[in-house]
Amino acid sequence: MSEAHGHPHHEAGAGQTISPYAHRIRAIEALLVERNVLTEPEVQDQIAYMESRSPENGAKLVARAWVDPEFKTRLLSDTKTAAQELGIDASGPVEFVVVENTPRVHNLIVCTLCSCYPRAILGRPPDWYKSFNYRSRAVKEPRAVMREFGFEPPEDVEVVVHDSTADVRYMVLPIRPPGTESLSEEELAALVTRDSLIGVSAPRFAGS
Amino acid sequence: MTFEPGNRVRVRASEKPGHVRTPEYLRGKTGRVESVLGEFPNPEDLAYGLSGRPERLLYKVSFRQTDLWNDYEGPGDDRLYADVYEHWLEPDEGETT
């Protein structure tokens, strides 16, 4: 492990290579630390913060909204406060908006400009969400993109794409699958996938 | 100028360089103000270490997909929402959709 530039936590393991982009970001980070803009503990705290978020948070919010109509109303009108009720801290400068799928409307989230995502709730986005392919196609041919995820809303369902271009982060509230009336809140949460929170697919229930 | 939900708007066809949050595919396109999202520091200034003041109003604007893409594959009801800052919008006096 090299200590040459004071970043012992950054070395790739045996057999791994470091991309030019990774080299660049490490150089930028080293400069920010050197110029006292950031400290190493702040960088580590931010990594820990991000890794403590996951799609499970979104699944908990959705399952609660499915079983509690009043919670659903709060989730749709004031997402941060509703999240706080379940112990999910989404406070911060960006706004959160949850958009509800209905039998007539299906929502899909993208950020064409970069990789805006409700990170304070769901953590880091999947790699495909940041890909040029998804970002360019989700706005122009959303139905083709969803088909590739194995999901095809009927033609009479309005597909609504949300391009997260500014200071609001979006998450989808999917439709509760039919046949799930007897499931517990925990069992319902297990049906809610990350992809269904982005809108490229929908929760499925195969039955017991 | 400020807008209200329901107003028809056109996205400015500006080619302002740098860190702008208005995607190119929306420039020059017409849509409808869906809601007012609030005031935020201007990201075009924040990106360069400035204060972003005065804050700018941000609107959720609804576009018909068939107005954005000539060869859109889906039904005419499909829509796209984007969040656009006030200084990127101008009134559109065209037909309502």
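Values quoted throughout were computed directly from the atomic coordinates according to the rules given, and no laboratory measurement underlies them. Note that the structure is a prediction, hence the values are computed from the model and not measured. All Cβ positions, glycine included, derive from the backbone under ideal geometry; neighbour counts span all protein chains shown.
Taking a ≥ b ≥ c as the square roots of the eigenvalues of the Cα gyration tensor, region A:55-198 is oblate, since a/c reaches 1.5 or more and a/b is not larger than b/c.
Which of rounded, prolate, oblate describes the protein assembly as shown, given a ≥ b ≥ c as roots of the alpha-carbon gyration tensor eigenvalues and a/c under 1.5 marking rounded, otherwise prolate only if a/b is larger than b/c? Because a/c hits 1.5 or more and a/b fails to exceed b/c, the protein assembly as shown counts as oblate.
Rounded to the nearest 20, the size of the Cβ-charge dipole of region A:77-208 about its Cα centre is 540 debye, with Lys and Arg at +1 and Asp and Glu at -1. Packing, as the average of other Cβ atoms within 10 Å across residues, places the peptides A:54-61, A:158-165 in the order A:158-165, A:54-61, highest first. For chain B, the square roots of the Cα gyration tensor eigenvalues, ordered a ≥ b ≥ c, give a/c of at least 1.5 with a/b greater than b/c, which places it in the prolate category. Which FRET efficiency value, to the nearest 0.05, do you get for residue A:32 and residue B:35 by plugging their Cβ-Cβ distance into 1/(1 + (r/R0)^6) with R0 = 35 Å? That pair, residue A:32 with residue B:35, gives E of 0.40.
Ranked from highest to lowest mean number of other Cβ atoms within 10 Å per residue, what is the order of the peptides A:183-192, A:19-28? If you can, show how the numbers build up before the last one.
Working: A:183-192: 16.6, A:19-28: 10.5.
The densest-packed peptide leads the list: A:183-192, A:19-28.
Residues considered: A:70, A:40, A:100. Largest GNM mean-square fluctuation over chain A, using C-alpha springs under 10 Å, is found at A:40. Working from label points 7 Å from Cα in the Cα-to-Cβ sense, the residue A:84 to residue A:18 distance is 4.1 nm.
Local charge sum around residue B:41 (other residues, Cβ-Cβ under 9 Å, Lys/Arg +1, Asp/Glu -1)? Show your work: numbers first, answer last.
Numbers: positive: B:53, B:56; negative: A:167, B:39, B:45, B:55.
Net local charge, residue B:41 excluded: -2.
How big is the charge dipole of the protein assembly as shown about its Cα centre, in debye rounded to the nearest 20, if each Lys and Arg gets +1 on its Cβ and each Asp and Glu gets -1 on its Cβ? Intermediate results must be reported in sequence, preceding the final value.
On the way: 35 positive and 49 negative charges, 80 e Å.
Dipole about the Cα centre, nearest 20: 380 debye.
Count, for each residue of A:163-175, the Cβ atoms from other chains sitting within 10 Å of its Cβ, then give me the mean as a whole number.
Working: counts 9, 4, 14, 13, 11, 7, 0, 2, 0, 0, 0, 0, 0.
Mean partner-chain Cβ count within 10 Å for A:163-175: 5.
Rounded to the nearest 0.05, the FRET efficiency derived from the C-beta distance between residue B:14 and residue A:130 at R0 = 35 Å is 0.85. Exceedance of the 31 Å cut-off in Cα-Cα distance is limited, within the set A:60/A:130; A:60/B:29; A:72/A:130, to A:60/B:29.
The GNM of chain B, with springs linking C-alpha atoms under 10 angstrom apart, assigns the highest mean-square fluctuation among B:16, B:60, B:29 to B:16.
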